[in-house]
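Structure incoming, see below.
Taken together, the values in this text are just the output of simple stated rules run on the coordinates, not laboratory data. The structure displayed is predicted, hence computed values, not measured ones. All Cβ positions, even for glycine, are placed from backbone atoms using ideal geometry, and neighbour counts span all protein chains on display.
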Protein chains: 2
Amino acid sequence: MSKGLLIILSGPSGVGKGTVCTALRPKMPELIYSVSATTRSPRAGEEDGVNYFFKSREQFLSMIEADQLLEYAEYVGNYYGTPRDFVERTLESGKDIILEIEVQGALKVKEKFPEGIFVFLLPPSMDELKDRIRGRGTEHPDVINHRMSVAEDEISLMQHYDYAVVNDEIDLACKRIESIIIAEHCKIREL
Amino acid sequence: MSKGLLIILSGPSGVGKGTVCTALRPKMPELIYSVSATTRSPRAGEEDGVNYFFKSREQFLSMIEADQLLEYAEYVGNYYGTPRDFVERTLESGKDIILEIEVQGALKVKEKFPEGIFVFLLPPSMDELKDRIRGRGTEHPDVINHRMSVAEDEISLMQHYDYAVVNDEIDLACKRIESIIIAEHCKIREL
């Protein structure tokens, strides 16, 4: 049995990574979704090992220490990271696993897992991205401009990825990602 | 506008290249099929520029001379070849073109067109291939064994290809080829 593939779906904030991942689930039921570890408290209905692996700060720091995370970051006082073990066990079992992650995190995963398939989700246009970022709430123009400039920086990192998928329509974006996974399974790898 | 892709569909004789190509037409109507040049006479209903480019022996030899063929071969006294011009004009127009060809011919195309996407069509098993070769007619066992040994040699050349597609079911094989083409359009090429 051959090993599964690790697919990393990334892209600037606001591009629709989460929406595309959710739409992909019923289309590719055999695809496993990576479960993050976090130090934040479980919210109502969240299950350990399903939504997140819930860890104490001490446990998380010792995972970092032991190189048990493919990447990690701190957001508003809590740690979030990708447990290497869950990814590797899934791949060993012959199943594909997808990891939805920010651009900086994806580049860290690439250092530890260069054989991953790195997919960059692109907005149809920068105007469209601005609309989506603006549409999220009633943010101050400075905040929107800052987010746009971060997004532009992130898009300039696309060259480190294997594939670019335009998120013009969810179904089309899903079909492109599904096609990439099927094609990668057909790829003849050098011995 | 970006250039189209050249897809080379190849594999051992008996694997079903022609059947897969025919099944692919209605599924991918935008895909252009390469038209071969030949010195054989047109059969009833065959049109110049549609089924083949019909050439005199002299014309064909001067095309070889002028390096106007991506590959060519002689079968039972007639020449067959792939005109470079038709392929290049299609690619320049932004359209994808598929070329169905024997293994030796594909490797010659690769020398002149390394940026092509080389897809190797595989039988589900060697037993299945033997059945298909046997099923073609009432051939002598020596002929069948010779064809099988040629097919084995050809399969050993698969390592020079980019993708391997198993022809277990026509529809699945078509979906894999379609996926490869979609994925290749999403690929981020190094600058």
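Mind checking the stretch A:122-191 for GluC sites (Glu not before Pro) that DSSP puts in a loop (not H, G, I, E or B) and that have at most 16 other Cβ atoms within 10 Å?
Here the sparse-neighbourhood loop sites are A:139, A:169, A:190.
Also: Let me have the relative contact order for chain A, percent, based on Cα pairs under 8 Å that are six or more residues apart.
Result for chain A is 32 percent.
With both bridge residues required to lie in the stretch B:35-95, what share of the DSSP beta bridges run antiparallel, to the nearest 5%?
The antiparallel fraction comes to roughly 65 percent.
Grab the Cα-Cα distance for residue A:126 and residue A:51, subtract it from 0.36 nm times how many residues apart they are, and report the gain in nm with one decimal. Mind dumping the intermediate values first?
On the way: separation 75, 0.36 × 75 = 27.00 nm, distance 3.17 nm.
Contour length minus the Cα-Cα distance gives 23.8 nm.
Which of rounded, prolate, oblate describes the stretch A:35-95, given a ≥ b ≥ c as roots of the alpha-carbon gyration tensor eigenvalues and a/c under 1.5 marking rounded, otherwise prolate only if a/b is larger than b/c?
Here the stretch A:35-95 falls in the oblate category.
Quick one: of the DSSP bridges fully inside the protein assembly as shown, what percent are antiparallel, nearest 5?
Percentage antiparallel, nearest 5: 30.
Further question on the same structure: Please sort through the DSSP H helices of chain B and keep those with an alpha-carbon extent of at least 20 Å along the long axis and a Kyte-Doolittle average not below 0.5.
B:170-186
If R₀ is 41 angstrom, what is the calculated FRET efficiency for the pair residue A:67 and residue A:44, using the beta carbon separation as r and rounding to 0.05?
The computed FRET efficiency comes out at 0.80.
Restrict the search to the stretch A:41-110; then list the trypsin sites (Lys or Arg not before Pro) that DSSP places in a loop and that have at most 16 other Cβ atoms within 10 Å of their Cβ.
Those satisfying the criteria are A:43, A:95.
Sticking with this structure for a sec: For chain A, what is the calculated [θ] at 222 nm in deg cm²/dmol (nearest 500), taking -39500 (n - 2.57) for each run of four or more DSSP H residues and dividing by its residue count?
-13000 deg cm²/dmol
Still on this structure, please answer the following. Count the DSSP beta bridges whose two residues both fall in chain A, then state the antiparallel fraction as a percent rounded to the nearest 5.
In chain A, approximately 30 percent of DSSP beta bridges are antiparallel ones.
Out of B:45, B:66, B:93, whose Cα points farthest toward the positive end of the dipole of the stretch B:35-95 (charges: +1 Lys, Arg; -1 Asp, Glu; placed on Cβ)?
B:45
Residue A:95 label points, 7 Å along Cα→Cβ, one per copy: pairwise distances from this copy to the rest in nm, shortest first?
Nearest first, the other copies' label points are 4.4 nm away.
Follow-up question, since we're still on this one. Shape of the protein assembly as shown from its Cα gyration tensor (a ≥ b ≥ c, root eigenvalues): rounded if a/c is under 1.5, otherwise prolate when a/b > b/c, or oblate?
Since a/c reaches 1.5 and a/b is larger than b/c, the shape of the protein assembly as shown is classed as prolate.
Residues in the stretch B:50-88, backbone N under 16 Å from the label point at residue B:143 (7 Å along the Cα-to-beta-carbon vector): list them, ranges by number please.
Inside the label zone: B:76.
For chain B, restrict the atom set to alpha-carbon positions and state the Rg and Dmax in Å.
17.0, 54
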